[in-house]
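Down below is the structure, laid out as structure tokens.
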Amino acid sequence: MAERGKGLNGVKKAAIMLVLLGPEKASKVLKKLDDAEVEELTLEIANLEKIDEETQKAILSEFYEYAKAKDYLSTGGVEYAKKLLETTFGPERAIDIIDRLVSNLQVKPFDFLRKVDVAQLVNVLQDEHPQTVALILCYLPPQVAAKVIAELPEYLQVDVIKRISTMDSSNPDIVKEIENKLKDRLSAFTVQSFSQVGGIDISAEIMNNIDRAMSNKIFEKLSERDPRLSDEIRRRMFVFEDITKLDDRSIQRVLREVDSKDLTLALKGASEEVKDIIFRNMSKRAAQIVQEELDYMGPVRVRDVDEAQQRIVNIIRKLEESGEIIIRGGAGEELIE
């Protein structure tokens, strides 16, 4: 059965998978892609002919295998993933899945650091050059990187965040050299493929996982050194779907400031969870009116939806800065009710 999908390229397989997922789930996937990828997939979907049942099963099976493999890789690394995949799919199939995943999805280097204690990692990194620290943290999950940054000396925290934000790509030779040095000081590792690292989005994810008091201190100092960069990181730290982090009272306060047209347009591209939270904090009549407008609204441009959502996000940030609402944010933040 797996042979049925072999003649299809990656884009066509992805298009078929989106069709099989259904409109609601497919739209959530498309939101994660850039405009060029969305256009390519949309065109491919439009040109799809009838998909026979065997091909559907083959593609679902392949995506299932990839999902399993990625889950195992993120949990325990390549060797761990290989052992579990051998148990599930057999040794030959396991090797094939791992090989394709590593070559196609570019598994990140520094995989061995996932098993290293944060305190031990901090002890090693605090004596390294800030650029080296920034490079390594780019390859770690944002939650782990946040814990490391929280334990670094204050002067190093700001420098590292700035370097992560301005980092574009990594030289494979340099990455390999750094891996070798860390191998000697920490533990054995598996050499991985190389991929683009760093950027403002990575900084935003890391900062989202740092507790708010420390986050504010870092931003205060970063604003003095590079206000434009500081503002850009802040802008990416909260997205429209993060409205789920607000309590009911805060959402009601936000809704008093939001233009009704912006709200309807923003909800056009929102998840059911966000819609439910918004409607729950409106009067029945107001919620009914918005729902009717959504039902009768025709196709809208993604850009228009994004702009409406961004205007609402700007209102949320403004209200948070003035202390009128609280965003339940980073790890370690405590609230007194």
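The values are calculated or read from the model by the stated rules, or taken from the named source; none is laboratory data. All values reported here derive from a predicted model rather than from experimental measurement. Neighbour counts are summed over all protein chains in view; Cβ atoms, including those assigned to glycine, are modelled from backbone coordinates with ideal geometry. Heavy atoms of the whole protein, side chains included, go into the accessibility calculation; ligands, DNA and RNA do not. Shrake-Rupley method; radii C 1.70, N 1.55, O 1.52, S 1.80 Å.
For the subset of segment 143-159 comprising residues that are open to solvent by 10 Å² or more (accessible area, probe 1.4 Å) and farther than 17 Å from LEU222 by Cβ, which member is farthest from the chain's Cα centre (by Cα)?
Checked segment 143-159; the qualifying residue farthest from the chain's Cα centre (by Cα) is GLU151.
Being aliphatic (A, V, I, L, M), over 16 Å from GLU241 (Cβ atoms), within 27 Å of the chain's Cα centre (by Cα) and not in a helix (DSSP H, G or I) is the filter here, so list the residues in segment 266-322 that pass it.
VAL300
In segment 142-179, which residues are in a loop (DSSP other than H, G, I, E, B) and at pLDDT below 80?
Scanning segment 142-179 gives ASP168, SER169, SER170, ASN171.
Scanning for something at pLDDT 90 or above and of a type in the set (S, T, N, Q), does segment 306-317 turn up at least one residue?
No: zero hits.
Quick test for you: out of SER260, SER203, pick the one residue that is open to solvent by 20 Å² or more (accessible area, probe 1.4 Å) and among the hydroxyl-bearing types (Ser, Thr, Tyr).
Within the list SER260, SER203, the selection yields SER260.
Six or more apart or on different chains, Cβ under 7 Å: which pairs go from a residue in segment 291-313 that's touching a residue at least 12 places away in the same chain (Cβ under 8 Å) and more than 10 Å from LYS268 (Cβ to Cβ) to one that's assigned to a helix (DSSP H, G or I) and not aromatic (Phe, Trp, Tyr)? Could you list them?
ARG311/ASP262; ILE312/ASP262; ILE312/ALA266
Go through segment 238-260 and report how many residues are part of a helix (DSSP H, G or I), charged (D, E, K, R) and at pLDDT 90 or above.
3
Counting only residues that are at pLDDT 70 or above and aromatic (Phe, Trp, Tyr), which one in segment 38-85 is nearest to ALA14 (Cα to Cα)?
Within segment 38-85, the match that is nearest to ALA14 (Cα to Cα) is PHE63.
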